[in-house]
Amino acid sequence: MGSAECEAKTGSIDSSKQWCCRRGIAVMTESKRVSSSTPRAGVAGLTALALSMASTGAMAEPPSITLGQIAPFTGSGAEFGEYYRDGAQLGIQHINAATEEVLGGAIIGNHVSEDSASLPSPAIEAARGLVEVHGVPAIIGGWSSGVTVAVATSVTIPSEVLQVSNGSTSPLISVLPEDRDADLLFRTTASDALQGVVAAQLAAGEIIDDYQFDTVATIFINNPYGQGLSNAFARSFQLRGGVVHAQVPHPEEVQPTYTSQLASALQDDPDMLFAASYPAHTATFLSEARDIFDQETWQFVDGNRADEVVEALGADAVEGVIGTAPGQDPDLEGFQNFSEQFREEFGHDRIPPFTESAYDAAIAIGLAAVKAYADGYDNADDITGPVLRDRLRDVSNPPGLTVTAGDYDSIIAGIEAIMDGEEVQYSGAAGPVDFDDNGDVLTPIAIWQYTDGASETIQIRSPEEIPDE
């Protein structure tokens, strides 16, 4: 891109082009699925500019940390892994472009993403590699609550590494005993204490006209995510006068058949089957529910909002099926910024739930690293998990100057404010990143529907609209 073109683009309303035109720096990315992945738009020019500036000694560079990530590149959540990696990558590109402008270098030098295989044991080994081999002070992930809890208890908390989950929604994470004193487990998406209530309101007929059930059963993945969401939904549905015939768990590893679990769930002929599970499981057990048990009335959650489910069941089978999922308010400025730039940068045609919260996790960690630098930590090895933890709320929570997701000038202003000792608060792509004492945030809950083989959001419930139970 020529200088005249860049100058013209920088002043335009196309914010995704602004990022390419402004000063920035490429970040090395490693991934088990893609061994070397770098930013795709303007990388050569940005890298050359950064190297040129470094050679002139124009600015002293800040410390540059390595950021780890665990994501489901294989297993039951395999179709989501690349989105979460790219969501975090976009956040790293943005924070690095801004720190290059203000501080003269990238605050995040390496981004290493590893495969969780959507299961706890492989995720634990992946996290150990990130900590022991790459020396990361922080990890983004995981998507599965079972993975997040296992990694936290086995690796990150004992190693004093910060973990910020982009997709784990289990209520257990809020009160995990091992984290009570450590305070090293955060998340940038809301607890299913919220989603369970909205799902129950939906099923009980409080949200959509002519959509109501008197009796339900749940089938759920037997991990903290499935247990927590099934329990939250069942409790809230019963408080609204509904009857829950059964809550039936299924194994975390994908099974060839779920007929025994379905027989238990459907024995009393519930009006609706609530499916709190992941794509590969859902694809199999709902096919069996339809073909063997003649049961075709379902309600979905975020874990079922997947192409794999549509492909397995057929677009006609899921037509009109409604579900819930955290986040993705299309009217939110941060989400609008993120959505435009994410699609253009990586060429994706959709944004699965929790992609935007992976971006938020990367930005929040990056801002915490800037705060550490402002506080005198000028060696990357000294920016540890506890150092980042102690600054994460400082740069995310009110009060302070608002730093808006995807807004170049806003992120620049935020970094300048941090370096000047001023307070900032991060307003993310998924909503305000206002961490409470448990490391939780409140984000909107979307109600979505399958139409013509694709999912579309049909309503947004803000945290203020959601009752406690």
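The values are calculated or read from the model by the stated rules, or taken from the named source; none is laboratory data. The model shown is predicted, which means the values in this text are computed figures rather than measured ones. Ideal geometry is used to build each Cβ from the backbone, glycine not excepted, and the neighbour counts take in all protein chains shown. Calculation scope for accessible area: heavy atoms of the full protein, side chains included, ligands and nucleic acids excluded. Shrake-Rupley method; radii C 1.70, N 1.55, O 1.52, S 1.80 Å.
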Candidates 285, 274, filtered to the one that is buried (at least 19 other Cβ atoms within 10 Å of the Cβ) and closer than 18 Å to residue 77 by Cβ: 285
Residue satisfying condition, being surrounded by fewer than 24 Cβ atoms within 10 Å (Cβ to Cβ) and either touching an Asp or Glu at 6+ places or on another chain (Cβ under 7 Å) or more than 22 Å from residue 325 (Cβ to Cβ) (or both), within set 131, 161: 131
Answer residue from the stretch 289-304, given it is outside any loop (DSSP other than H, G, I, E, B) and of a type in the set (A, V, I, L, M, F, W, C) and is farthest from residue 262 (Cα to Cα) among those: 300
Unique residue being in contact with a Pro (Cβ under 9 Å, 6 or more places away or on another chain) and assigned to a helix (DSSP H, G or I) when the list is 229, 202, 262, 286: 229
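Against the definition (in contact with a helix residue (DSSP H, G or I) (Cβ under 6 Å, 6 or more places away or on another chain) and open to solvent by 10 Å² or more (accessible area, probe 1.4 Å)), how does residue 391 come out, yes or no?
Taking the combined requirement at face value, the residue satisfies it.
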Test: residue in the stretch 351-365 that is open to solvent by 10 Å² or more (accessible area, probe 1.4 Å), out of contact with any Cys (no Cβ under 9 Å at 6 or more places or on another chain) and not aliphatic (A, V, I, L, M): no
Residue check, residue 95 in contact with a Ser or Thr (Cβ under 6 Å, 6 or more places away or on another chain), assigned to a helix (DSSP H, G or I) and among the hydrophobic types (A, V, I, L, M, F, W, C): no
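Look at residue 452 and say whether it is among the charged types (D, E, K, R) and on the phi < 0 side of the Ramachandran plot.
Considered against the rule, which asks whether it is among the charged types (D, E, K, R) and on the phi < 0 side of the Ramachandran plot, residue 452 comes out as no.
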Residue match in the stretch 367-384 (condition: on the phi > 0 side of the Ramachandran plot, open to solvent by less than 10 Å² (accessible area, probe 1.4 Å) and within 18 Å of the chain's Cα centre (by Cα)): no
So residue 255, is it closer than 24 Å to residue 312 by Cβ, part of a helix (DSSP H, G or I), out of contact with any Cys (no Cβ under 9 Å at 6 or more places or on another chain) and touching a residue at least 24 places away in the same chain (Cβ under 8 Å): no
Failed condition for residue 309, given (1) over 25 Å from residue 207 (Cβ atoms); (2) in contact with a Ser or Thr (Cβ under 8 Å, 6 or more places away or on another chain): (1)
The stretch 330-341 residues that are closer than 11 Å to residue 356 by Cβ, paired with ones that are acidic (Asp, Glu) (beta carbon under 7 Å, 6 or more apart): 335/329; 335/356; 337/407; 338/356
Considering residues of the stretch 288-304 that are in contact (Cβ under 8 Å) with a residue 12 or more places away in the chain and charged (D, E, K, R) only, the residue most open to solvent (accessible area, probe 1.4 Å): 296
Residue list for the stretch 125-177, filter: within 24 Å of residue 367 (Cα to Cα), polar (S, T, N, Q) and in a loop (DSSP other than H, G, I, E, B): 159, 166, 168, 169
Where residue 322 falls short, out of the listed (1) under 30 Å from residue 256 (Cα atoms); (2) touching a Gly at 6+ places or on another chain (Cβ under 6 Å): (2)
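When the residues of the stretch 325-349 are filtered to those that are in contact with a strand residue (DSSP E or B) (Cβ under 8 Å, 6 or more places away or on another chain) and either of a type in the set (S, T, N, Q) or not in a helix (DSSP H, G or I) (or both), which remaining residue is most open to solvent (accessible area, probe 1.4 Å)?
Once the filter is applied, the top-ranked residue is 331.
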Filtered residues of the stretch 305-324 (kept if part of a helix (DSSP H, G or I), in contact (Cβ under 8 Å) with a residue 40 or more places away in the chain and within 18 Å of residue 447 (Cα to Cα)): 307, 310, 318
